């Protein structure tokens, strides 16, 4: 043995790659996002530690991510310690799969970077840190969009306390940048092993789990090394738009007009006509909505309100119908709810109050 081998080590390239679309079951063809026309979502599909016990100490995986896009920074953390209702015993037996880390966020076309770390954390120490983080988030009032900055700060502080534990170890870290206009959806895999040792041609993502074998049906779970699987997804619409800052207050404003039994239909139209430009402005100025989503939302709300007013104009107080496409329940025209506004045909999406 060469004594010099005790003081030197050969560098190695760890594995990080986007899986080809044909190696994902079910298949989901990747696309390059168009600026201002789509949202992106970063999702942890799966994480795994090859070793969960050293002597008497048990460990489990925790993933921490920082995502930068334009002037926005989002933080995400995933680990069984967040499941405070399960206690802090045997947390290495908890699976964290298909977990949203960031988004939906409007893709503006500017450079996007992600920094994610997969950590091996002793069970009870990390449980205390993450449980206190979840409790602090609950005290803020839950995952509300208007409180995103406060929640991000709490998560950041909680994870920093976890990472400062002496027994916490980074097993795999990825820092990846996507150049301007080059953010591509797909499944990205990081494995804490030399790239040359990874059987890339035998890797599959089947049912959301990383597997290896000749085909996805005959494959078995990949267990050779620590790994993380991240998914970059795209959405063409936000279903939570009624709760966005500035938008939510119009639930009360529109609802008050529609429920006011002391006013005629023509008076309701006049009151809505005064509110409508304010609603349009809030939608137009929201940085949380894409351009197509803004037009879709305005058109659908306009068509929904117009349809209800037309029903009231028939002077049939017992008339009910299913409004939009989100509900099959029969509703009275005055029972307006932003969350129940569905999709209307294009010809129905005309301004109702001008």
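Label separation (residue 221 vs residue 262): 6.5 nm, computed from points 7 Å beyond Cα along the C-beta direction. What separates the Cα centres of segment 238-306 and segment 194-216 is a distance of 49 Å. Computed from the C-beta positions of residue 72 and residue 176, the FRET efficiency with R₀ = 22 Å rounds to 0.80.
Rounded to 0.05, the FRET efficiency of the residue 214 and residue 113 pair, given R0 = 25 Å and the Cβ-Cβ distance, is 0.10. The slack between residue 51 and residue 249, meaning 0.36 nm per residue of separation minus the straight C-alpha distance, is 66.2 nm. The modelled label-to-label distance for the pair residue 27/residue 201, using points 7 Å beyond Cα in the direction of Cβ, is 2.0 nm. Take each peptide in 300-307, 113-120, count the other Cβ atoms within 10 Å of every residue, and average; sorted highest first, the result is 300-307, 113-120. Ranked by the mean number of other Cβ atoms within 10 Å of their residues, highest first, the peptides 205-216, 258-269, 287-298, 59-70 come out as 59-70, 287-298, 205-216, 258-269. Using a simple spin-label model with pseudo-atoms 7 Å out from Cα toward Cβ, residue 313 and residue 235 lie 3.5 nm apart.
Each reported figure results from applying straightforward, stated rules to the coordinates on display, with no laboratory input. Keep in mind it's a predicted model, so treat the numbers as computed, not measured. Please note: Cβ atoms are built from the backbone with ideal geometry, for glycine as well, and neighbour counts cover all protein chains shown.
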